[in-house]
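Okay, so here's the structure we're looking at.
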Amino acid sequence: MSVGFYDPPVINIFHQADPAAHVFKFDPDTVFIYGSHDYNSTTASDDVGSQYDMKDYYVLTQTDISQPATVGNKILDLPDVPWAQKQLWAPDVAEKDGQYYLFFPAKDKSEDGLFRIGVALSDTPDGTFKAEPDYIEGSYSIDPAVLADDDGSYYIYFGGLWGGQLQAWTNNTYDSSQLGPNAPTTGNALGPRYAKLSEDLKSFDGEVQELVFIDQDGQQMQANSTRRFFEASSINKIGDLYYYQYSTGDSHTIEVAVGTSPQGPFVWNSTLLQPVAGWTTHESITKFKDDWLLYYADASLTHQDNLRNTKVRKLVYEDGTLSLAQPQPL
Ligand code: FUB
C-alpha cells in the first residue's frame, strides 16, 4: 500500500524515475540527474514490470533545488545499443579521468530476454554516450550503482528481484525456472551482487559476489523480513563509512545499511523513506554544496505506476545516520 509524499517534482513536464544524482568536478554548481525515462506506455502491466518499457535516457540538471530542473540531452537511444532488445531501466553514471561512464540495464536479444548491464562512454556528463558493442561479460539483472572509492578502485553493485530476475541467478549461474515474480520467502535473503571494475571500467575485474546484509539483531537479513533487499541500489562513502541504500520492493520502503568496506557486510541502520505514491521506489544521495540531498521518484502527479517524476528532499546527517530534513507527511 502506497501513501502520498508531497515534495513537488523537480520537473512536471518530463517523466523521469530511478534518479541517480551526481555532482562532478566538471561543474560543482550543477546536479546531473540520470534516470529511467518514463513515457505513457500502453504495454500491459504485470508483476515482472513489462509496463516499464523505456526506450532512451535523458539527463536532467539542477543548479538550485528550489527551482525546476532543466531537461538536457538525450544521452542514449535503445537502437544505438547493439545488444539490447528493450526496457532501459535504472542507470547510474561514474566519472574517471574526465570520461563519463553510463551503466545501464536492458533485456538482451536472447529468447528468455535476460537483463544484462551495459556501459556507454562520453567526454561530458551530458552526453551523447556511445554504447560498447556488447554487455559487460558476466553481468545480469538490473539497477547498477557504481562507487568510486577513495583509493581509485571502482565497484559496481546490481540486482533486483521478480522482474529484475536476480532470483534466477545462483552462484552466477542462470536457472530459467526461477524467472517470474518470485523470490525466496525463507532462509537468508538474497543480496545484491557486486564486482570490482577493471581499470577501463568496461568489464568486471574478478568474479561477481553476493553482498551480505546484517539485520538489527546481528543476524544475516532473512528473506521474510520487510527490510530485505529487493532492488534500487545506491551507495555513498561518507567519512570512513559506506552507506548502502536500497528498496524493499513489495514492502515499499528505502532502507540504509552501513559498512566499513565496499565489499560489505552492511549492517542495517535506518529506514530512510516510507512508501511513496506508486509501486516502485528508488533513490540516490548526493552532496551538493553543503547539503546532502535525497533524490527519489514517485507517481503522485499521474497516479500511473509507470509514469513517474523525480523529487528531491534535503537530508540530515547526524550521529552516523541519514534522515529526511522534515518528517515525511503520511
Ligand atoms: O524503472 C524500472 C524499475 O522499477 C527500476 O529498474 C527499479 O528500480 C524500479 O524503480
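The values are calculated or read from the model by the stated rules, or taken from the named source; none is laboratory data. The structure presented is a predicted model; accordingly, all values stated were derived computationally and were not measured. Every residue, glycine among them, receives a Cβ derived from its backbone with ideal geometry; neighbour counts consider all protein chains shown.
For the reader, a short list of remarks on this structure follows.
- Matching option when the condition is away from the ligand (no atom under 16 Å from the Cβ), surrounded by 16 or more Cβ atoms within 10 Å (Cβ to Cβ) and within 21 Å of residue 247 (Cα to Cα), among 15, 22, 37: 22
- Any hit, segment 56-75, residues being of a type in the set (A, V, I, L, M, F, W, C), under 20 Å from the mean Cα position of the chain (by Cα) and within 15 Å of the ligand (Cβ to nearest atom): no
- Applying the criterion of at least 3 residues that are within 16 Å of the ligand (Cβ to nearest atom), at pLDDT 95 or above and under 18 Å from the mean Cα position of the chain (by Cα) to the strands (runs of 3 or more DSSP E) found wholly in segment 264-330 leaves 283-288, 291-298, 309-318.
- Complete set of residues in segment 255-298 that are among the aliphatic types (A, V, I, L, M) and over 26 Å from residue 26 (Cα atoms): 256, 257, 258, 267, 272, 273, 276, 277
- In segment 300-314, the residues that are under 18 Å from residue 243 (Cα atoms) and surrounded by 18 or more Cβ atoms within 10 Å (Cβ to Cβ): 313
- Enumeration of residues in segment 99-109 that are farther than 15 Å from residue 146 by Cα and in contact with a Lys or Arg (Cβ under 9 Å, 6 or more places away or on another chain): 106, 107, 108
- Per this entry, residue 258 is not counted among residues that are within 16 Å of the ligand (Cβ to nearest atom), in contact (Cβ under 8 Å) with a residue 60 or more places away in the chain, under 19 Å from the mean Cα position of the chain (by Cα) and surrounded by 16 or more Cβ atoms within 10 Å (Cβ to Cβ).
- Residues (under 17 Å from the mean Cα position of the chain (by Cα), part of a loop (DSSP other than H, G, I, E, B) and closer than 16 Å to residue 236 by Cα) located in segment 11-52: 23
- Residue check, residue 242 more than 16 Å from the ligand (Cβ to nearest atom), in contact (Cβ under 8 Å) with a residue 40 or more places away in the chain, farther than 30 Å from residue 68 by Cα and part of a strand (DSSP E or B): yes
- Contacts under 7 angstrom Cβ, first residue in segment 49-65 being more than 11 Å from residue 36 (Cβ to Cβ), partner more than 14 Å from the ligand (Cβ to nearest atom) and among the charged types (D, E, K, R), 6 or more apart: 59/126; 63/29
- Filter pass, residue 168 being farther than 22 Å from residue 57 by Cβ, more than 15 Å from the chain's Cα centre (by Cα), modelled with pLDDT under 95 and surrounded by fewer than 22 Cβ atoms within 10 Å (Cβ to Cβ): no
- Filter pass, residue 87 being within 12 Å of the ligand (Cβ to nearest atom) and modelled with pLDDT of 95 or more: yes
- Just one of the listed residues (156, 142) is hydrophobic (A, V, I, L, M, F, W, C) and either farther than 14 Å from residue 108 by Cβ or surrounded by fewer than 16 Cβ atoms within 10 Å (Cβ to Cβ) (or both), and it is 156.
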